[in-house]
Amino acid sequence: MNANRLRLNSQKTQLIWLGSRHQLEKLNMVDIQLVSTSLSPLSAVRNLGVTIDSRLTMVDHVSAVCRACYFQLRQLRLVLQSLTSEAATTLVHAFISCRLDYCNVLLYGIADSQLQRLQSAQNAAARLVTGLRRTEHITLILRSLHWLPIRQRVTYKLATLVHKCINGRAPEYLAEFCHPSVDRRPGMRSADSGKLHVPRAQTSFW
């Protein structure tokens with residue numbers, strides 16, 4: 001940085017240690033001197049609109065998404081009487097669905113309780129659009145709107161991304177993770193068969 005006459009912006013730079021609870025407990029959390037700035041480790045940082053916590057549980061990110069969704073739903077409820085059904089659905093897609101879908105591949109494999117929080121936000125949006133009560137069965141409502149539930153939205157996005165990687169339609173830095181010579185993790189292509197493996201329980205959309 002000094003060679004290029006650059007200086008670290010301490011207002012936009014964050015430091016975080018990632019690891020399990022036991023690994024983090026072994027660390028000596030002290031400030032790190034980087035160039036002319038002293039950085040303190042944080043428990044959660046924000047990057048490209050995604051909040052990442054030190055244990056990668058995505059709890060903080062889910063909380064932020066749910067908070068934003070419910071705020072927008074309260075605002076939409078105030079003007080709902082002046083909107084047609086199509087206009088209400090369009091606004092929900094613009095202010096709610098886009099937040100639920102943004103970088104949702106990062107949510108693959110997180111705790112079911114966190115996915116359920118996002119599902120509750122989607123359910124509230126569906127009931128707002130259709131005007132149905134909380135006692136109505138949400139599966140039928142989502143099906144009538146052609147909305148995939150949150151877990152299936154995550155699985156679909158991941159499967160689409162892997163399909164593009166396998167067929168040469170993704171950037172090279174992503175495609176190399178689906179190469180048969182690389183060790184595979186759950187949800188990626190198998191080194192033996194070259195096929196995408198997703199648990200059966202997560203492949204059913206309804």
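The values are calculated or read from the model by the stated rules, or taken from the named source; none is laboratory data. What you see is a predicted model; the values in this text were computed from it and never measured. When we count neighbours, we look across all protein chains shown, and the Cβ atoms used for this are built from the backbone with ideal geometry, even at glycine.
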Single condition R143 does not satisfy, out of (1) assigned to a helix (DSSP H, G or I); (2) under 14 Å from I96 (Cα atoms): (2)
Checking T130, T84, T89 in turn, the sole residue that is surrounded by 19 or more Cβ atoms within 10 Å (Cβ to Cβ) and among the polar types (S, T, N, Q) turns out to be T89
Among R55, R46, the single one that is closer than 19 Å to R99 by Cα and either surrounded by 12 or more Cβ atoms within 10 Å (Cβ to Cβ) or among the aromatic types (F, W, Y) (or both) is R46
So which of G187, G194 is assigned to a loop (DSSP other than H, G, I, E, B), surrounded by 14 or more Cβ atoms within 10 Å (Cβ to Cβ) and at pLDDT below 85? G187
Given the criterion in a helix (DSSP H, G or I) and assigned by TED's automatic domain parsing to the domain that holds Q11, identify the matching residue among Q23, Q81, Q72. Q23
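Could you check region 1-20 and list, in sequence order, the residues that are part of a loop (DSSP other than H, G, I, E, B) and at pLDDT 80 or above?
Hits for region 1-20 are T13, Q14, I16, W17, L18, G19, S20.
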Single match in V45, V92 (criterion: hydrophobic (A, V, I, L, M, F, W, C), assigned to a strand (DSSP E or B) and either on the phi < 0 side of the Ramachandran plot or at pLDDT 90 or above (or both)): V45
